[in-house]
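Encoded as structure tokens, the structure appears first; notes follow it.
The values are calculated or read from the model by the stated rules, or taken from the named source; none is laboratory data. Predicted, not measured: the structure shown is a model, and the values here were computed from it. Every residue, glycine as well, gets a Cβ built from its backbone with ideal geometry; the counts of neighbours run over all protein chains shown.
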Amino acid sequence: MKIETKNKTIWLVLLLLFLSLNGSAQQLELLIQEALENNPEIMNFDLQYNIASQKIEEVNVLPNSEIGAGYFVSEPETRTGAQRFKVSARQMIPWFGTITARENYALALADTKYEDIVIAKRKLVASVSRSYYNLYALKAKEKVLMENIELLKTYETMALTSVEVGKASAVDVLRLQMRRNEMIQLKEIIAENIISEQTRMNKLLNRDKDVPLDRVVELSIPSDTEILTADNLELHPELLKYDKLYESVVQSELLNQKESSPIIGIGLDFIAVSERPDMNFVDNGKDILMPMMSVSIPVFNKKFKSRSAQNNLKQQAINYQRKDRRNKLETALSVAIGNRNSAKISFDTQNKNLEQARNAESILIRNYETGTIDFNDILDVQELQLNFQIGKIESIKSYFTETTIINYLIAK
């Protein structure tokens, strides 16, 4: 199969993966598409596959033809005259089907390189997606902190007013200011993390680290979650690669059997003969033309028997490696599904808690209007509210990060 056709298959697989993400898929799809087109690791795998594909043409040849020439320094005398020089040509021909077996083996090796491309592209899609969701979480936290900083400013104004009328102490104001300073510090740390994550994303896309990224859209966990099974794991490229490796060993053994067969050689010798000047007879000075055939038989064939034993052991090893990888992929899928379900449960809980914290905040604000307010309670409720908001963001990030892992494992 040509690489262009296989690349179309890869793009179809990845486009299906894009559409399975969520409402932000369009923006994320553009980033993934850019990464697939520009990432140097993917380009390297493409070149490795092209090199392996070229080897198919390399093996589709006969052994080198042998041409020799010799001059008789001391001319041997024959009945028809003295031999002057000799020219010979010989061509060895492998046993029937040997060249085809070589082509099949080279094609099988190229197919394993193709699976490397598919695996690398899946991993790149997962890396870009994770970076995208990390950026979402960081920017969402930054926004929440900015909102809470502004909220603390409002509380500080309320506290200053209460101090003037003797309903609060200066300590309350200082405590609110310290709390706001902590949030400003967190916001500055998150800003640095955003820069680092943007660099990671830009490098995945193989562009300058300072290129600004478009605004990351809001994400929300869907109310309904699809039921997933491990059935599609058998189609995972990491397992298909083991199948291709197994097939390459099968082709290697078929080639080994062909190479253990005899090799036929055909040739032609030409000997130039001088005329005998002292005689006149038929065929005087007639040149000699001698067709030749040879057979190379591998009498001592321990080498081929050893290769067969090695191929048998390789097949067993590949089967065990495939089973081990299948178990690990199934475990990773189970963990990812469990983590995603936990993220959804956490998200629902954080939503409920956040609503209750806001209700408590409303009660405190109403108390302020009636002249009774405890700024310690305000700080406690504000801290709870911030924790719930951050927890909600983390739940969303975790949900989509685990979805990315699931897509890597079972996307068709």
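Find all pairs meeting these conditions: Cβ atoms under 6 angstrom apart; at least six residues apart or on different chains; first residue within the range 128-149 and of a type in the set (D, E, K, R); second residue not in a helix (DSSP H, G or I).
Cβ pairs passing all conditions: Lys139/Val216.
May I ask you to say which residue of Asn376, Asn359 is surrounded by fewer than 20 Cβ atoms within 10 Å (Cβ to Cβ), more than 29 Å from Arg340 (Cβ to Cβ) and over 51 Å from the mean Cα position of the chain (by Cα)?
Asn376
Hey, among Lys328, Lys344, Lys392, Lys397, which residue is part of a helix (DSSP H, G or I), within 29 Å of Val250 (Cβ to Cβ) and of a type outside the set (Phe, Trp, Tyr)? Spell out how you get there, then give the answer.
Working: Lys344 fails: within 29 Å of Val250 (Cβ to Cβ); Lys392 fails: within 29 Å of Val250 (Cβ to Cβ); Lys397 fails: within 29 Å of Val250 (Cβ to Cβ).
Being part of a helix (DSSP H, G or I), within 29 Å of Val250 (Cβ to Cβ) and of a type outside the set (Phe, Trp, Tyr) holds for just one of Lys328, Lys344, Lys392, Lys397, which is Lys328.
Would you mention how many residues in the range 175-216 are surrounded by 15 or more Cβ atoms within 10 Å (Cβ to Cβ) and either among the aliphatic types (A, V, I, L, M) or assigned to a loop (DSSP other than H, G, I, E, B) (or both)?
11
Somewhere in the range 285-297, is a residue polar (S, T, N, Q), under 25 Å from Ile93 (Cα atoms) and modelled with pLDDT under 95?
yes
Yes or no, residue by residue, for (1) in contact with a Lys or Arg (Cβ under 8 Å, 6 or more places away or on another chain); (2) part of a helix (DSSP H, G or I); (3) over 30 Å from Val163 (Cα atoms):
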{"site": "Gln321", "(1), (2), (3)": "no, yes, yes"}
{"site": "Ala336", "(1), (2), (3)": "no, yes, yes"}
{"site": "Asp348", "(1), (2), (3)": "no, yes, yes"}
{"site": "Asn351", "(1), (2), (3)": "yes, yes, yes"}
{"site": "Asn367", "(1), (2), (3)": "no, yes, no"}
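So how many residues does the range 53-101 have that are β-branched (Val, Ile, Thr) and part of a strand (DSSP E or B)?
Total meeting the criteria: 4.
Out of the residues in the range 271-307 that are in a loop (DSSP other than H, G, I, E, B) and in contact with an Asp or Glu (Cβ under 7 Å, 6 or more places away or on another chain), state the one that is farthest from Leu255 (Cα to Cα).
Asn284
Going by what's in this entry, would Ser274 be described as surrounded by 11 or more Cβ atoms within 10 Å (Cβ to Cβ), polar (S, T, N, Q) and either in contact with a Cys (Cβ under 6 Å, 6 or more places away or on another chain) or without any contact (Cβ under 8 Å) to a residue 24 or more places away in the chain (or both)?
Working: surrounded by 11 or more Cβ atoms within 10 Å (Cβ to Cβ): yes; polar (S, T, N, Q): yes; either in contact with a Cys (Cβ under 6 Å, 6 or more places away or on another chain) or without any contact (Cβ under 8 Å) to a residue 24 or more places away in the chain (or both): no.
No.
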